[in-house]
Every structure is written in C-alpha cells, then in structure tokens.
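This report concerns only the one structure given below.
The values are calculated or read from the model by the stated rules, or taken from the named source; none is laboratory data. Not measured: the values here are computed from a predicted model. Note: ideal-geometry Cβ built from the backbone for every residue, glycine included; neighbour counts use all protein chains shown. Please note that ligands, DNA and RNA were not included when accessible areas were found on the heavy atoms of the full protein model with its side chains. Shrake-Rupley method; radii C 1.70, N 1.55, O 1.52, S 1.80 Å.
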Amino acid sequence: MSQPRVLLVNNNNLNPPVAPIALDYLAAALEENGIEPVIVDLVRSEQPPESLAGFIRNNEFTLAALTIRNIDDSSGDTRESFLPHARDTVNWLKENCSCPVVIGGCGFSILPVDVLGYTGADFGIKGDGEEALVELAFCLCNGTSYLEVPGLLYREEGGGIQYNSPVYCRLERMDYLSRRSFVDNNWYYMHGGQGNVETKRGCEQGCIYCSDPISRGKMIRLRPAVSVVREIANLVEQGINCFHFCDAEFNLPPGHAQSVCQEIIKCGLNEVISWYVYCSPVPFSEQLARLMKEAGCVGINFGIDSGSDPILAGLGRIHKKSDLIKMARSCHRNDIIFMTDLLLGGPGEMRETVKETILLVKELDPFAAGISLGVRVYKETPIYRELLQKGLHNCGSVLSGEIEGNENFLFPVYYRSEKMGEDIRGYIDELTSGDPRFLSFAAASPELDYNYTNNDVLKEAIKRGYRGAYWYILRKFPFEVAL
C-alpha cells in the first residue's frame with residue numbers, strides 16, 4: 001500500500017445520536033497529512049452490518065480506529081457500561097479486516113490500560129488522537145517502529161501492555177479542525193437535535209471526582225477564536241443553526257470565552273445561530289453574560305454540585321453559595337436560561353445539606369435542575385485515592401457497584417455518603433415534589449428522567465423539531481405538549 005488508508009468507525013450507540021466530532025477531527029488530521037480517511041458509520045448507515053462487513057473485507061486499510069466517548073451512562077441507578085458494546089465492535093472489526101485495530105477517545109483515556117485489555121484491541125491512544133494516529137498510520141504503512149508514538153498503548157509479545165506518555169496537541173496549529181466535512185453532520189442534527197463544537201481542551205480544576213484532567217490533560221489548551229468560528233460557519237452551511245459547545249467549562253479562561261463571542265458577533269453569526277454551553281459558576285461576570293447573550297447564547301449548564309459551602313469545599317470546588325446567587329442574577333438580568341447540575345451524596349453530605357441545596361436552587365430559579373445521586377468514582381481521581389488508602393473492601397457502606405475483580409473501577413462504582421441515611425431518594429422527592437424544574441435519574445415520570453440515553457421523551461421531541469440542549473428540551477417539550 002503506497003498511501004496509508006485509515007478506517008474510522010463510529011459505534012456510539014447513544015440515542016438520540018450525537019455527531020461523532022472526534023472522527024470529523026481525526027479525518028481532517030489524516031487528510032491534512034496525506035492519509036486517506038474512510039468513515040464507516042454504524043449509527044446512521046442504512047446498510048446492514050453484513051454489507052458494511054463486506055465493504056471492509058473487500059478493501060485494504062493500514063489501520064482501523066474507533067473512539068470511546070463514554071464508558072458508561074453516568075447514572076448511579078442504572079450503572080450501564082458501554083464497554084461490552086465497544087468490545088463487540090472491536091471483535092467485529094478483527095473478524096472483517098486484516099489490519100490492526102486502535103481505540104481512543106475521552107472515555108478510553110480515563111482508563112486506557114484497562115479498556116485496551118478488556119476490548120482486545122491491538123493499540124490504544126491516550127489523550128489527543130490527531131497527531132498520534134497520523135504517526136502510527138505512517139509507521140505501520142512504512143514498516144517502521146511505532147514504539148515512540150506519543151500516547152500509544154501497545155501489546156508486548158508476552159501479552160503485557162506498554163504505555164507511552166501522551167504529548168498533547170498544540171491546538172493553535174490545527175486549523176484543519178474547523179473543516180467538519182467528513183461526517184454527515186446534518187443527519188445528526190436532524191436526529192440528535194444539536195450541532196457540536198469544541199473551543200478548547202483540558203481542565204485545571206481540582207474537583208475530587210472529575211475525569212476530565214485525566215482524559216484531556218490538566219492544562220487548558222485554547223483553539224484560536226477565528227478557527228472556532230470558521231468551524232461554526234462551516235456547520236451553518238450544512239444546515240445547522242443550534243449548537244452545544246463541548247468544552248468542560250466555556251468560561252475558563254474568561255478571556256478566551258470573550259474572544260469567541262466577539263468573533264461570532266464580528267462575523268454576524270449571532271444573527272443566525274443559537275447555542276448552549278457548560279460554564280463554571282466562577283468567574284462568571286455580568287459583562288460576560290451580556291456578551292454571551294449578544295453572541296447568541298441562549299442557555300448555560302452550571303455544574304454547581306451543591307449549595308452548601310462545606311460540601312463544595314469537600315468536593316474540591318472553588319465557588320461558594322454567594323457566588324451562585326450572583327451567577328443566577330447575572331443570567332436572569334440578561335435573559336439567559338440556565339440549568340444547575342447537582343451532585344448529591346459526596347463526602348460529608350447529610351440530609352441537612354441536601355435540603356440546604358434544594359432550597360437554594362429554588363431561590364436561584366433555574367430553568368431546570370438536574371439531580372445526580374452518588375459520585376461516579378474513577379481511578380486516579382482524588383476521591384479514588386482516598387478510598388484506596390482506606391481499603392476499597394472496607395468502604396462497602398459508601399460504595400455501590402461491583403468491586404470484586406473491578407478494583408480499578410472500570411465498571412461503574414458510585415460513592416454515596418452514609419450520613420444521608422436511608423431512603424434519601426424519597427427525601428429528595430419530598431423536597432422537590434410538584435416542582436417540574438427538577439430532573440432526576442430514576443425519576444418517577446418519563447418527562448423528568450435525566451438519563452439522556454435512549455430517552456423516549458427526547459427522541460419524540462427532536463422528531464417533532466425541537467432543537468437545543470437536552471435539559472432544555474426535556475423541560476420545555478412536556479410542558480408545551482400538555483398545553
């Protein structure tokens with residue numbers, strides 16, 4: 001094979017479907033470097049798997065790649081792992097193509113050695129995949145050594161897994177990310193209800209439970225605002241006018257958020273698009289809220305976690321109760337709807353702090369409030385290390401999920417403070433009863449179900465033309481249908 005050809009496979013079976021932004025970016029990186037990308041989309045393809053398998057068998061590829069966006073559904077109630085599906089896809093690829101299989105993505109990068117071992121793939125890439133995938137493809141095509149490829153996981157002859165430290169990409173040099181021309185983004189918009197864009201990577205926050213610094217890096221790396229807005233413009237040309245930015249926190253750092261907003265306004269895109277973001281409660285200024293509104297922002301998801309200062313400190317959050325009040329006022333004054341995401345059950349949580357949080361949220365008056373009960377514990381996070389010191393098998397009273405044979409928590413394990421007492425779910429239901437703003441996992445009614453995976457209310461709303469963040473659709477659609 002004179003020129004490398006890389007097969008990119010989308011197997012993300014979330015429904016409503018989410019556009020595989022990672023494959024769009026990877027395909028652009030491959031093409032930029034003279035490598036032919038070929039995308040097989042197992043989600044939107046109308047061809048049966050047998051036809052796709054035949055296509056793969058009848059073509060020659062240097063490498064087959066798939067990304068794992070999430071390793072589970074992030075619900076302490078259902079605790080559904082997506083890894084068996086990923087393993088099945090790896091096996092399917094191995095049966096139908098003669099080239100090696102590599103996996104990567106945000107989900108994979110949380111527990112790369114464990115996921116590679118479980119799925120049986122030949123290689124893995126931790127962290128940014130664009131440059132590493134290009135380098136690996138050339139090594140395999142040319143028969144040269146791949147042992148120094150940054151972020152690469154590979155198998156030794158004896159079956160062990162070796163792991164190279166990742167070198168994170170300099171995003172300012174990667175203007176090709178703005179192309180977004182390899183995936184059928186319009187199909188995903190029509191079936192998934194939103195377009196997606198990334199303005200930065202990495203997170204430097206110290207939350208004790210968060211996997212973002214592990215999977216994306218602890219240093220924030222910024223994309224130039226011009227490149228971000230060019231990407232938005234390219235997606236608008238594809239018929240997409242409602243977006244959700246993928247950043248962990250759009251307003252960190254605030255100067256970059258302002259630059260993106262100013263560039264959107266400068267290009268006149270604020271007249272034709274609407275968008276939603278995740279934001280940190282601090283720093284969130286009146287000036288930034290005003291600028292975001294002018295740039296077309298219509299909704300913000302704030303991961304506030306708690307309304308109790310001691311609980312926030314225990315979770316490693318930098319904001320306080322007083323900051324949340326200021327944040328809410330800025331949104332209300334600038335006519336931006338917002339959601340507050342609650343993470344109840346962390347260290348020290350008790351019924352009194354739960355009540356304090358619920359009462360504060362009612363005072364903040366968000367458009368919606370999501371409730372997650374229990375903290376998903378990931379290896380390498382501070383909360384995991386603390387539990388490890390105590391001895392995982394001594395923590396049965398605060399952990400739910402299988403620990404035996406799962407010491408690295410590859411499969412979902414949740415922490416829930418024992419100080420909350422029994423029937424905490426019933427207590428939360430009492431506090432939120434009759435208030436449709438509160439969305440929850442394991443909700444009593446489907447329209448309040450905060451689990452986006454295979455959510456029938458979401459799917460029906462999008463089918464009827466609703467667009468936007470899923471929390472916005474879940475809150476708005478049932479109300480309007482009832483009218």
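For the chain, what is the calculated [θ] at 222 nm in deg cm²/dmol (nearest 500), taking -39500 (n - 2.57) for each run of four or more DSSP H residues and dividing by its residue count? Write out the running numbers ahead of the final one.
Working: 18 runs with 180 residues, N = 483.
That calculation yields -11000 deg cm²/dmol at 222 nm.
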Regarding the range 340-483, what is the average projected area of its C-alpha convex hull, in nm²? 9.9
Average Cα contact separation per residue, the range 348-427, under 8 Å, 6 or more apart, as relative contact order %: 41
Could you list the square roots of 5 times each eigenvalue of the Cα gyration tensor of the range 203-302, that is, the equivalent ellipsoid semi-axes, sorted largest first and rounded to whole Å? 24, 15, 12
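Under 8 Å for C-alpha pairs, at least 6 residues apart: give me the relative contact order for the range 218-304, rounded to a whole percent.
Numbers: 104 pairs, mean separation 27.6, N = 87.
Computed over the range 218-304, the figure is 32 percent.
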Two-decimal log10 I(q)/I(0) for the range 237-285, as the Debye equation yields it once each C-alpha is a single scatterer, q = 0.16, 0.17, 0.23 Å⁻¹: -0.49, -0.55, -0.92
q = 0.14, 0.15 Å⁻¹, the range 221-372: log10 I(q)/I(0) [Debye, one scatterer per Cα]: -0.68, -0.76
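May I ask you to compute the full-extension gain from LYS94 to GLN47, defined as 0.36 nm times their residue separation minus their alpha-carbon distance, rounded to one decimal in nm?
Extra length from LYS94 to GLN47 when fully extended: 15.0 nm.
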Cα-Cα longer than 31 Å, checked against LYS326/LYS463; LYS293/LYS463; LYS218/LYS321; LYS200/LYS293; LYS321/LYS379, kept in input order, equals LYS326/LYS463
Mean shadow area of the range 71-151, taken as a quarter of the surface of its Cα convex hull (nm²): 5.7
Measure off 7 Å from each Cα along the Cα-to-Cβ vector at GLN3 and ASN59, then give the distance between these two points in nanometres to one decimal. 1.3
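Among bridges DSSP assigns within the range 1-96, what percent are antiparallel (round to 5)? Could the numbers behind the result be given before it?
Working: 1 of 11 bridges.
In the range 1-96, approximately 10 percent of DSSP beta bridges are antiparallel ones.
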Which whole-percent values make up P(r) of the range 283-360 when all C-alpha to C-alpha distances are grouped in 10 Å steps starting at zero? 19, 47, 25, 8, 0
Using alpha-carbon pairs under 8 Å, 6+ residues apart, how would you state the relative contact order of the range 184-243 in percent? 43
Using DSSP to define loop residues, name the trypsin sites (Lys or Arg not before Pro) in the range 398-442 whose beta-carbon has at most 10 other beta-carbon atoms within 10 Å. none
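Could you give the Stokes-Einstein D for the range 354-431 in µm² per second, using the C-alpha Kirkwood radius, 4 °C, 1.567 mPa s? Kindly include the intermediate steps, with their values, before the conclusion.
On the way: Rh = 14.3 Å.
For these conditions, the coefficient is 91 µm²/s.
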What fraction of the DSSP beta bridges in the chain is antiparallel, stated in percent and rounded to the nearest 5? 25
Which percentage, to the nearest 5, of the DSSP beta bridges contained in the range 328-480 is antiparallel? 30
What is the magnitude of the charge dipole of the chain about its Cα centre, with +1 placed on the Cβ of each Lys and Arg, -1 on the Cβ of each Asp and Glu, and no other charges, expressed in debye to the nearest 20? 940
Would you kindly work out the equivalent ellipsoid of the range 1-53 from its C-alpha gyration tensor and give its semi-axes, the square roots of five times the eigenvalues, largest first in whole Å? 23, 15, 6
Scan the range 353-391 for GluC sites (Glu not before Pro) in coil per DSSP, keeping those whose Cβ has at most 14 other Cβ atoms within 10 Å, and list them by number. GLU380
Per residue accessible area of the chain, 1.4 Å probe, in Å²: 41
Step by step: find N for the chain, compute 2.2 N^0.38 Å, then divide the Cα radius of gyration by it. What's the final number? 0.97
